[in-house]
1. Report the Stokes-Einstein translational diffusion coefficient (µm² s⁻¹, integer) for segment 211-353, Rh taken as the Kirkwood radius over Cα pairs, at 4 °C with viscosity 1.567 mPa s.
2. Can you figure out the FRET efficiency of residue 26 with residue 414, using R₀ = 45 Å and their beta-carbon distance, to the nearest 0.05?
3. Can you list, bin by bin at 20 Å, the percent of alpha carbon pairs in the chain, starting at 0?
4. Could you check which residue among 165, 432, 368 shows the biggest mean-square fluctuation in a GNM of the chain with a 10 Å Cα cutoff?
5. State, as an integer percentage, the relative contact order of segment 233-301 based on alpha-carbon contacts under 8 Å between residues 6 or more apart.
6. Which FRET efficiency value, to the nearest 0.05, do you get for residue 423 and residue 220 by plugging their Cβ-Cβ distance into 1/(1 + (r/R0)^6) with R0 = 35 Å?
7. Using the alpha-carbon centroid of each, what span in Å lies between segment 55-101 and segment 382-404?
8. Would you mind calculating the gained length between residue 324 and residue 135 on full extension (0.36 nm times residue separation, minus the Cα-Cα distance), in nm to one decimal?
């Protein structure tokens, strides 16, 4: 008999876990992703800030599934889904039929309708994004070194991170460490310690998903690192000269050449494509492009299609009958991938599927060297909340533990140990050449 064919779109946390959960099942799996690797996104900012190299947080998908014989991996971009024929179409016109489909295509950046801002303020979701941010940050110091006019130099030494969630806090804290500890002895014309690192947040506090006490502690730790925390600063414009913000109704212009966007995410475009293909009602997809799913993570009227991870607006169905929204974090995506796979096997066997129940393992955010905040639920005791050096150690070992493969764990641990002892960041090579502004008269007159 022909074995059921499961197609999984996306090799992120949800797709990876779903494929792994089906390793011993009598099914054939086709895993499709537009990149050839699985990326450990929680440490992507470390690549963007030259702390880690790309192979340390990424692994080729083919390598990960080399021993799982029921998985075929394909490098491709899904451009259409034919729900009537049960087939997905790739960018070259190839069609792949499925019996069960798991859509785990993740999220991208959201500029809240201001897409032209992307050219000036890249976000951080892919390795390409990390390379571009790293290039802009490092070359800003090179431009400042070449600039002799102190007024014209200031924008090159001003760095703005927009959005004070975990990614923004981690980026700002690490950029401050680079300016104050990694680079000071390497430049002759500038003092990198005078660089301004701005963390711009439209809300009233940083890390708004964390308890107030940890949020305030995080702000104190950022300030001690030299980060200027600008809360209640709503960004209204971004261009090549800097950012314009609204502060209590007053417009202000901040001149800066390097801007990082960490303020918003949107679901993969496949979400809207899938909603149209399934003729879902308008209310089933939110403004961020996420699709509302059934309790077992399938789409209404399409039990053969499961949606997991950042693409889904899911609820956790608790034992007491209550429901809670599921956060868009990697542990949730992993759990959704596993339960989607389990429910697929239940449907194939004619059994009843089970609703998704999310287990919250807590929230972590590192702020910089020896600084982090931790909020971990402890059964029967409430929450364990702490910050500082021991929180940083906890964050470090948790992230090393969940990395893919022993080699990556070992390399990351060694790189972090070296960086901790020397303040050096080893991945600071930028490929290509850079164009500088024509020399001024004063520059030409110098010997």
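Taken together, the values in this text are just the output of simple stated rules run on the coordinates, not laboratory data. Being a predicted model, the structure only gives us computed values, none of them experimental. All Cβ positions, glycine included, derive from the backbone under ideal geometry; neighbour counts span all protein chains shown.
1. Values: Rh = 18.8 Å.
After rounding, the answer is 69 µm²/s.
2. On the way: r = 42 Å, r/R0 = 0.93.
Once rounded, the FRET efficiency stands at 0.60.
3. 23, 53, 21, 2, 0
4. Largest GNM mean-square fluctuation: 432.
5. Values: 73 pairs, mean separation 12.6, N = 69.
Rounded, it is 18 percent for segment 233-301.
6. Working: r = 22 Å, r/R0 = 0.62.
Computed FRET efficiency for residue 423 and residue 220: 0.95.
7. After rounding, the separation between the Cα centres reads 34 Å.
8. Details: separation 189, 0.36 × 189 = 68.04 nm, distance 4.07 nm.
Gain on extension, residue 324 to residue 135, equals 64.0 nm.
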